[in-house]
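This report concerns only the one structure given below.
The values are calculated or read from the model by the stated rules, or taken from the named source; none is laboratory data. Every value quoted in this text rests on a predicted model; they were computed, and no experiment measured them. Counting neighbours? That spans all protein chains shown, and the Cβs are built from the backbone with ideal geometry, glycine included. Accessible surface is based on the protein model in full, side chains and every heavy atom, while ligands, DNA and RNA are left aside. Shrake-Rupley method; radii C 1.70, N 1.55, O 1.52, S 1.80 Å.
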Amino acid sequence: MDYKDTLLLPKTTFAMRGNLPQNEPKRYAKWFEEDVYTKMKKKREGAPDFTLHDGPPYANGHIHIGHALNKILKDIIIKHNYFAGKSVRFTPGWDCHGLPIEQQVEKKLGGKAKKEALSKAEVRQLCRKHAEEFVGIQKEEFKKLGVIADWKKPYVTMDYKFEANIYRTLCEVAKKGLLVERSKPVFWSWAERTALAEAEVEYEDKEDYSIFIAFELSDDAKTKAGIDGKAAMVIWTTTPWTIPANTGISLNPDEKYVLTDDGYIVAKALYENLKEQEVVKGDITQEFDAATFENLIATNPLNGRESRIVLGKHVLVDNGTGCVHTAPGHGEDDYRVGLKYDLPVIMPVSETGVYDETVVRENLIPNAEEFVGKHIFKAQEELIEMMGDAVLKVGKFTHSYPHCWRSHKPLIFRATKQWFISIDGRPEGEEKTLRQIALEEVEKTRFIPQTGYNRLKSMVENRPDWCISRQRDWGVPIAFFRVKATGEVLLDEKVLNFVAMIFEMKGSDAWYSMSIEELLYPGSGYKPEELEKVNDILDVWFDSGSTWYSVLKSRNYDAGRYPADLYVEGSDQHRGWFQSSMFLSCAIEHQAPYKGVLTHGFTVDEKGEKMSKSKGNVIAPEQVIKEYGSEILRLWVASSDYQGDLKISKGILKQTAENYRKLRNTFRFLMANIDDLEAIVEPQSMGVLDKWILSVAADVLGEVHNAFSEYNFVGGMNILNNFIVNELSGIYLDITKDRLYCDAKNDLHRRASQSAMALIAKTLLTLLAPILTYTADEIVEHAPKTLKAEAEDIFDYIHKPLPKIQSEFDADYFMSAREKFYEIVDGLKKEKIIKSTLELTLYTDSKKALDLNPVEAEDWFVVSGVDVMQPCEELGSFEVDGDRFIIAKAKGHKCPRCWKYHAPKEDALCERCEKVLNA
């Protein structure tokens, strides 16, 4: 007789293979059609809330693997909090203004000249259209990753109301007295013709001149210093193009300076080094304190203009000469020391990086007319030649130099009139400076990983005033009116509010399309013809830095609370979004916009190398989704240590797909074996092995949930996979097959194990749902009643920890016994002495093993008996804690139904199977 039909074999409609690339899009479409996000909000009404505020990606180009990592990580965090019972909010956003979009438009038009032939309004319209297109494209690409968010009402920084709120943020900063306009050297991109903030600067290698130049002291200076004969300050510079704008030489006030007998003055600390380099050749004849030279005059050898000697702590003596060429129009330190000594700020370089008419007007270069319109980097050799013998040594070297983040062209420092947020200013009504407030808020912020604390703190401590103005077309205008006669800027509240109201209705394009008369508040008391518009736009970091104001505080979005619980971005955002958001929030609200900051690393290939098309190692999200499905990408995110750089490659994805298959099949086994379970057996009525697995699962799954709550997903996944592979699948699901398939349907022994599986499956389901949401939802669709209850989909569930169950099973002892037993079994199978462990019986003097229920003991080892010691033909033996176990062939006959060697004779059923069939 074929007994197969009498067995209670596993039964489920949950497929072994996910066929994710085919099936995911259908389920995702259903989620968005049914508006699962709104359902999630309704399900948690009145629950404690959790707000993750989305840092906006740039609406430019398709999403790459870094975007996918970022959005999936956010989605996992949001869903973890949701399944933990919290009311969550996730409003996705896009950064839509700024240089990258302008560049794309320029490219489409066919170059700068064609763009410049258009009006500002036309250029802005094209930029808006470009951004709009990519918001739409990226939105659909994010949805394909299974990311659930308020996709119906995302925030887009170019929306009219949003632009009005960016402008209102600016007005609030102005009201606090922190907005200043001044001429100051800033990083300037001559290639893009705009000022840049620190966050837009990247450092790349550049070859530059290394040049030593002698500035002869005036006769009066020599007399005052007590010097006879030749005496020249030797400066060292890497930027000969700035020599025309020199107005000073800075010395370190704490250093000694020496005069050599060949007539050169350098810092004493650098004299030997300079002599070795043959910059100076003579011996020391006189020594001076730096203060001796303060306010004395030297002569610029290029143009014969005066160069005043000043003292500054910024002068270092680790290289150079200790005499620093000072051009306040071309450097931050130069500017500061220039302010102290009232040095003239000369700026002879135009926005495109060429010398302008200033060189002629101020006589900065001999034959100055020839230099007008010449690029500064191309003029350097001629300038060096013109200085003749005053040039003591010329060389070239490669060093790290600031470059524009977009054009990758070297930057210059250029003094221009710009708008700044004063970092060391005091917001009105506050005793502390903006920097002090921000530093105090850094102390209150939770950082994941903790290294983020030092990074942000260092950025806040050291950043200069924030230059927020840009000389471009596409951005929110710094929409202020200036009085022509006085240069005064109107900061009248009614005037500002009126402009904001117009922006809310017509967008910030109105600043360019409407006249001053139309934009000016009627009761301002000014005539339109007396005023002019400020035409700069805001730094795009101001846009994103003010999203807490426009999204969380404006009430235009149901986006959660201010301050947000968490900001999540790449580790480069300590110098970008985390910092800009912190300063704007502290300027206006005097507090951080977030309670916590989580940073992740960047995506690299399996060798740890950066991805690039030329290397052929780029992994695109779209390609992964087509080949594997988004669940594999999501599992890769959760299984990777995001605190460093994350490796991804075809090999890594293949391994992740294999891990997914194991998880899926574990769920499938659990579901298939609880298909006919109608009620959960109380734990106290369960067998010793059921209590053991529930006790282990409660501890492990609790530990995993805690790890996930700390956003340690990789740690949690490692613990979970270890449990599934070892205790759950490796032991428990294997050892319970006999009772599940062969016991009577309603036998307590069988029902208890089914109940243990059902309890574990439910907790495991809600634990993994934030990561594998598609699979969890598919499981619910196919779940048996005990697992599904009244749920329509996965979003009806809430995570509940497994009850703590007392287990008296000595797991360490029995694990050790099982391992030793299976070591011997492997040998017996290799020697073809046995095919299955059911052919064996264990004889032992172990009280622990003999005290176990005989069926539980048999099932633990998957043998046909565990009995007291008796004479037998020994196949092997082992000891545990002094207890002896002997392996021998089972004495009974093989039951044709359960295959245990319990039958009284050949082809007969064992007692248990006989009872089941005759019941």
- Message: Greater than 19 Å separation of Cα atoms is the criterion. Which listed pairs, LYS484/LYS533; LYS74/LYS607; LYS176/LYS432, meet it?
- Response: LYS74/LYS607
- Message: Just to confirm my understanding: which cysteines in the chain have no other cysteine beta carbon less than 4.7 Å from their beta carbon?
- Response: CYS96, CYS127, CYS171, CYS323, CYS404, CYS467, CYS586, CYS872, CYS913
- Query: Roughly what angle does helix 650-673 make with the longest principal axis of the chain, taking Cα atoms, 0 to 90 degrees, to the nearest 10?
  - Reply: 40
- Message: I'd like to compare 24-32, 540-548: which one has the highest average count of other Cβ atoms within 10 Å, and what's the full order after that?
- Response: 540-548, 24-32
- Message: Quick check on the chain: take the gyration tensor over C-alpha atoms, sort the square-rooted eigenvalues as a ≥ b ≥ c, and tell me if it's rounded (a/c under 1.5), prolate or oblate.
- Response: prolate
- Query: How are the C-alpha pair distances of segment 276-361 spread across 5 Å bins, as whole percents from the shortest bin up?
  - Reply: 3, 11, 17, 23, 20, 13, 8, 4, 2, 0
- Task: Return the lysines within reach of LYS830: Cα separation strictly under 25 angstrom, same-chain partners fewer than 8 residues apart disregarded; answer none if there are no such residues.
- Result: LYS737, LYS820, LYS889, LYS891, LYS894, LYS900
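If you take the square roots of the eigenvalues of the alpha-carbon gyration tensor of segment 144-217 and sort them as a ≥ b ≥ c, do you get rounded (a/c under 1.5), prolate (a/b over b/c) or oblate?
Values: a/c = 4.20, a/b = 1.77, b/c = 2.38.
Because a/c hits 1.5 or more and a/b fails to exceed b/c, segment 144-217 counts as oblate.
Could you report the chain's accessible area per residue, 1.4 Å probe, as an integer in Å²? Show your work: numbers first, answer last.
On the way: 38910 Å² over 919 residues.
Averaged over the residues of the chain, the accessible area is 42 Å².
Note down the relative contact order for segment 1-125 as a percent, whole number, built from C-alpha pairs under 8 angstrom at least six residues apart.
Values: 74 pairs, mean separation 33.2, N = 125.
Over segment 1-125, the number comes to 27 percent.
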- Message: Please list log₁₀ I(q)/I(0) at q = 0.13, 0.21 Å⁻¹ for segment 402-560, using the Debye equation with identical point scatterers on the alpha-carbon positions.
- Response: -0.87, -1.45
- Message: Can you tell me, using C-alpha contacts under 8 Å and at least 6 residues apart, the relative contact order of segment 277-349 as a whole percent?
- Response: 18
- Message: Taking the Cα centroid of segment 775-822 and of segment 192-214, what is the distance between the two, rounded to the nearest whole Å?
- Response: 60
- Message: Checking the cross-link filter: which aspartates and glutamates have an alpha carbon closer than 20 Å to that of LYS847, excluding same-chain neighbours under 8 positions apart?
- Response: GLU808, ASP810, ASP812, GLU819, GLU856, GLU858, ASP859, ASP867, GLU879, ASP881, ASP883
- Round to the nearest 10 and give me the degree value, 0 to 90, for the angle of helix 332-341's Cα axis relative to the longest principal axis of the chain. 40
- Greater than 27 Å apart at Cα, pairs in LYS115/LYS626; LYS120/LYS417; LYS654/LYS835: LYS115/LYS626; LYS654/LYS835
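Apply the a/c threshold of 1.5 to the C-alpha gyration tensor of segment 662-813 and tell me whether it is rounded, prolate or oblate. Before the final figure, lay out each step's value.
On the way: a/c = 1.71, a/b = 1.17, b/c = 1.45.
Because a/c hits 1.5 or more and a/b fails to exceed b/c, segment 662-813 counts as oblate.
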- Message: Computing the accessible area with a 1.4 Å probe over protein heavy atoms, can you report the carbon and sulfur percentage for the chain?
- Response: 48
- Note on the structure: Which residues qualify? For CYS323, with a placed amide H closer than 5 Å and at least 5 residues away or on another chain, they are TRP236, ALA267
- Nearest-10 value in Å² for the accessible area of VAL714, using the 1.4 Å probe: 30
- Item | Computed [θ] at 222 nm, helices only, for the chain once each DSSP H run of length n ≥ 4 contributes -39500 (n - 2.57) | -11500 deg cm²/dmol
- Query: Once phi is turned into θ = phi - 60°, what whole-Hz ³J(HN,Hα) does the Karplus curve with 6.51, -1.76 and 1.60 give for every residue of segment 612-621, x standing for Gly and Pro?
  - Reply: 8, 4, 5, 7, x, 10, 6, 10, 9, x
- Item | Cα centroid of segment 61-123 to Cα centroid of segment 645-674, whole Å | 31
- Message: Limiting things to C-alpha atoms, what are the Rg and the maximum Cα-Cα separation (Dmax) for segment 556-685, in angstroms?
- Response: 21.6, 64
- Query: What residues qualify as long-range amide H neighbours of SER877, i.e. H under 5 Å apart, gap of 5 or more or another chain, H built at 1.01 Å from N?
  - Reply: ILE887
- What the 5 Å binned alpha carbon P(r) of segment 316-471 shows, as percent of pairs per bin from 0, is 1, 7, 10, 14, 17, 16, 12, 8, 6, 4, 3, 1, 0
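Anything over 18 Å Cα to Cα? Flag those among LYS41/LYS86; LYS26/LYS800; LYS41/LYS153; LYS26/LYS86; LYS26/LYS71, in the order listed. List each step's numbers first, then the result.
Details: LYS41/LYS86 9 Å; LYS26/LYS800 29 Å; LYS41/LYS153 14 Å; LYS26/LYS86 28 Å; LYS26/LYS71 21 Å.
As for pairs spanning more than 18 Å Cα to Cα, those are LYS26/LYS800; LYS26/LYS86; LYS26/LYS71.
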- Quick one: Karplus J couplings for segment 173-179, per residue in order, coefficients 6.51, -1.76, 1.60, θ = phi - 60°, nearest Hz, x for Gly and Pro? 4, 4, 4, 7, x, 9, 9
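Could you tell me the relative contact order of the chain? Use alpha-carbon pairs under 8 Å, at least six residues apart, and round to a whole percent. Display every interim value, and only then the final one.
Numbers: 1691 pairs, mean separation 133.3, N = 919.
With pairs under 8 Å counted, the relative contact order is 15 percent.
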- Query: Which angle from 0 to 90°, rounded to the nearest 10, does the C-alpha axis of helix 451-462 make with the longest principal axis of the chain?
  - Reply: 10
- With every protein chain in place, the accessible area of ARG561 for a 1.4 Å probe, in Å² rounded to the nearest 10, comes to 150
- Query: Excluding ligands and nucleic acids, what accessible area in Å² is computed for ARG128 using a 1.4 Å probe, to the nearest 10?
  - Reply: 20
